[in-house]
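Worksheet for the structure shown next.
The values are calculated or read from the model by the stated rules, or taken from the named source; none is laboratory data. Since the model is a prediction, treat every value here as computed from it, not as a measurement. Neighbour counts are summed over all protein chains in view; Cβ atoms, including those assigned to glycine, are modelled from backbone coordinates with ideal geometry. Ligands, DNA and RNA are stripped out before the accessible areas are found, and what is left, the full protein with its side chains, is counted by its heavy atoms. Shrake-Rupley method; radii C 1.70, N 1.55, O 1.52, S 1.80 Å.
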Amino acid sequence: MKKIIITIDGPAASGKEKIAKFISKKWKLNHLDSGILYRRLALNFLTNDVDIDNVYQIKKKLNTINNISFRNSLRIRTQKISKLASKIAVYDCVRSFVNKLQHNYVKKNKKKQGFVIDGRDIGSVVFKNADLKLYIEVNPEIRAKRRYKQLIDSGEKSIYPKILKEIKLRDRLDKIRKHSPLIVPKGAYIIDNSGTFKNTIGQIAKLLRKI
Ligand code: C5P
């Protein structure tokens with residue numbers, strides 16, 4: 001039986017992960033968060049003193065990595081790793097490495113009836129022929145407010161203007177890069193996630209019934 005693929009793209013802190021988790025649970029699909037892979041590589045480069053401004057060092061390191069965990073962890077959720085992940089994501093060699101991991105994951109994972117994959121280039125580059133493509137939209141101020149609240153609720157120190165500045169910087173890095181910039185993928189449905197989660201899910205449920 002053909003496995004279905006749903007892609008979710010959108011800027012930082014737009015709620016892709018929460019939406020993907022919801023879809024994965026309700027429709028029994030494997031969830032793959034491609035951001036984790038960029039974050040894991042960023043952590044690997046950081047701990048191994050790889051100069052991330054030197055593409056030759058990056059290529060050399062990539063050649064030595066056989067596998068990367070797809071699991072989330074608090075260690076890769078820091079602001080430092082977020083920024084580093086955006087920086088290394090500009091390199092074509094890093095993107096090819098991560099894309100290959102994603103295709104292998106889909107090839108090997110046969111347990112469920114399909115996949116929901118979120119990131120920045122999933123519908124535009126990695127899985128261009130997906131069955132359903134979503135693009136999540138929320139303005140930077142709302143995204144920064146939500147991220148700020150999340151950090152405060154989890155007991156972390158946080159400053160709203162700093163979060164907003166970082167979100168805008170990551171947006172810029174994602175949108176202006178040469179390789180796989182963040183765009184609305186061809187054929188994607190734009191989902192407005194600035195209201196309640198119920199409203200967002202309502203928009204998506206209608207689309208899911210079609211596939
Ligand atoms: O989604 P998340 O914030 O965890 O991703 C971390 C960083 O990895 C992003 O800021 C983005 O620059 C990069 N990324 C990417 N393409 C993806 C997923 C993440 O460029 N498909």
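Descriptive notes on the structure:
- Amide H contacts of LEU32 (H built 1.01 Å from N, under 5 Å, at least 5 apart or other chain): VAL116, ILE117, ASP118
- Amide H partners (placed H, <5 Å) of TYR189, local residues excluded: LYS133, LEU134, TYR135
- Each Lys and Arg adds +1 at its Cβ and each Asp and Glu adds -1 at its Cβ; summed about the Cα centre, segment 75-165 shows a dipole of about 340 debye.
- Packing around the peptides 88-101, 4-17, taken as the average count of other Cβ atoms within 10 Å per residue, puts them in this order, highest first: 4-17, 88-101.
- Note on GLN79 and GLN113: the model spin-label points, each 7 Å out from Cα along the C-beta direction, lie 4.3 nm apart.
- Projected area, mean over directions - segment 75-124, Cα convex hull, nm²: 4.5 nm²
- For segment 73-82, putting each phi into the Karplus relation 6.51 cos²θ - 1.76 cosθ + 1.60 with θ = phi - 60° gives couplings of 6, 4, 4, 9, 9, 6, 4, 5, 5, 4 Hz, in residue order, rounded to whole numbers and with x for Gly and Pro.
- Of all accessible heavy-atom area on segment 4-195, the percent that carbon and sulfur account for (1.4 Å): 53 percent
- For segment 4-195, the Cα-based Rg and Dmax, in that order, read 16.2, 45 Å.
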